[in-house]
Structure formats: C-alpha cells, structure tokens
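A short worksheet on the structure shown next.
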Amino acid sequence: MRKVLVLIAVMALSVALLVGCTPEPEEELSYDDQFLNTLVEALGNRWSIVEEMGTGATFFDSQRSELTALVDAELDTINTFQGEPENPRIIELREQYLEGLNQQRESLQYIDVDFMRFSDMFDEASGIRASAIVAFVDEFNLDLNEENLHDIRVQARLYEERQELAAAIADMMDGLEFELTEDDGWMASYETVVENTTNVEFSSFTIEVTLFDADGVAIDTTFAHASSWSPGQSNRFDFTAFEEFESMEIGYSYFIDN
C-alpha cells in the first residue's frame, strides 16, 4: 500500500510541475490591433521599396512600373487583413485610407497618356491617404519611422489646406447670380459683384458661364475674369450674351501664386 501511495504522490507532483511549467497562452489581438499592425507592415513594405529606389527618385521621376510596385506593395499587404475592425473611428479612417490608396492605383493608368490628369489624381489621392495615416498615428499611437512620417504630415497638411480653401471658395460662390445691366435687342450685358471672402490672393480667378435654351441645350459658354484678387476685395465680373437663353450654369477656376 505504501508503494502505491508513493507512486500516486509522485504522479500528482509531476502533474503539478507540468501545469506550473506550461506557458501562459498569448492574448489574442483584437481586430483593431490586427488591422493597425497590418497597416504598419504595409507602410513599411512600401517605404522599403522607396529606399531601394534611392533618395534621388521621386514619384513623378519614376516610371509607371516603379510606382505600381510602390502602391501594390502597400495595397497587397493591407488586403491580407480579412477581419473587420470594431472601433468606428478605425473603420472610418480605414475607408479614407483605402480610398486614397486605391485612387493612387487608378491614377497610374494615365501616367503615359495624360500626365496632368495622373498628377492631379495622384496628388489628391496622396493627400487623402496621408491625412488618414496622420490621424491613425495621432489617435492610435501608430509607431512609424519619423523621417517618413514627416513627409506624410506635410502631405496631409497641404491636402487639408486645399480642402479648406475649396470649402471657402464654395461658400464665396454660393448663391452667385448675374444681373442684366443692358439689353439693346442685339446683345445683353450681365454682371455681378463678388467679395473675396477667403484668406488667399488669387493671381487669376475665372467664372465660366454656360447658357442654356428652353430645352436645356447649351448654346454658349463665356467667361468672366479677375486678376490679382486680394482677400476682402470686391470685384466686378461681367459677360455679354448674343442669344436669348433660359438658364445658366456657373463654374470657376483659379490660380494662386506659390
């Protein structure tokens, strides 16, 4: 009986030792943390290719294949994440980030055939992407290379400044109407006065007026210009119509000296 009891005691001690030596299971990461880790990896993969290209290479000096490799390195990595984040803010920023990244990819089809279109699309997409990345860093402590992060912050700031200016111009032009000032039966003159309510000086500001007949058919497009238009300054825009029209549609374009 004593041998049996000793054997049982040894077995119990062995089990206890085994249980005591078993490592604690690693805590499973949440989908939020998994996504953030994948994002860091995706950005790192892209930046490693930039380093291989050399410091002298820029986006617009590179060939289509090199830019494609950059974008795909990031896009392919981020697409390996199959879960769904739980934090609503992460979901919102993820959508913005993917919008910018996918738009970068889409813009590459124009690099050889319409460089200006490519440049505008890629620049806009870069700003959307950068703004999301900066928000990830600031709100969720994303650990990124500081040198690369500096460039991302510059892109985000410039994008946000463009967005603010676009909103300010839209407010300035909201409700704009041209009034008839003269009609001699052969031609009619129209004008409007607009105050520059933004905080920038426009080296050139053009209002594009498209005139439509009663059937909604465009019958003419004319332009009204302003130059060196300073903040707080009011400017008169006018145009002349040589045909009767039923309605008008107004657009605008502008240039700002850097």
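Hey, among the residues in the stretch 145-156 that are at pLDDT 90 or above and closer than 21 Å to L98 by Cβ, which one's surrounded by the fewest Cβ atoms within 10 Å (Cβ to Cβ)? Among residues in the stretch 145-156 that are at pLDDT 90 or above and closer than 21 Å to L98 by Cβ, the one surrounded by the fewest Cβ atoms within 10 Å (Cβ to Cβ) is D151. When E177, E160, E139, E124 are checked against the criterion of being loosely packed, with under 15 Cβ neighbours inside 10 Å, in a helix (DSSP H, G or I), touching a Ser or Thr at 6+ places or on another chain (Cβ under 9 Å) and in contact (Cβ under 8 Å) with a residue 12 or more places away in the chain, a single residue qualifies: E160.
The number of residues in the stretch 69-89 that are part of a helix (DSSP H, G or I) and closer than 30 Å to Q109 by Cα comes to 10. Given the criteria outside the structural domain of I128 (by TED's automatic domain parsing), more than 30 Å from A125 (Cα to Cα) and surrounded by 12 or more Cβ atoms within 10 Å (Cβ to Cβ), does F205 qualify? No: the conditions fail for F205.
Residues considered: T206, T197, T221. Of these, the only one that is outside any strand (DSSP E or B) and hydroxyl-bearing (S, T, Y) is T197. Would you point out the residue of the stretch 123-144, among those that are of a type outside the set (D, E) and modelled with pLDDT under 95, that is farthest from R64 (Cα to Cα)? Out of the qualifying residues, it is N141. Of the residues making up the stretch 180-202, those that are of a type in the set (D, E, K, R) and surrounded by 14 or more Cβ atoms within 10 Å (Cβ to Cβ) are E191, E201.
Can F242 be described as of a type in the set (F, W, Y), surrounded by fewer than 18 Cβ atoms within 10 Å (Cβ to Cβ), farther than 22 Å from R162 by Cβ and within 32 Å of the chain's Cα centre (by Cα)? No: the conditions fail for F242. May I ask you to say which residue of S247, S234, S228 is of a type outside the set (F, W, Y), surrounded by fewer than 15 Cβ atoms within 10 Å (Cβ to Cβ) and closer than 26 Å to L158 by Cα? Every option except S228 fails the conditions. Within the stretch 101-121, restricting attention to residues that are out of contact with any Lys or Arg (no Cβ under 7 Å at 6 or more places or on another chain) and not in a helix (DSSP H, G or I), the residue that is surrounded by the most Cβ atoms within 10 Å (Cβ to Cβ) is D114.
The values are calculated or read from the model by the stated rules, or taken from the named source; none is laboratory data. Here the structure is a predicted model, which is why all the values come from computation and not from measurement. Glycine gets a Cβ as well: all are built from the backbone with ideal geometry, and neighbour counts include every protein chain shown.
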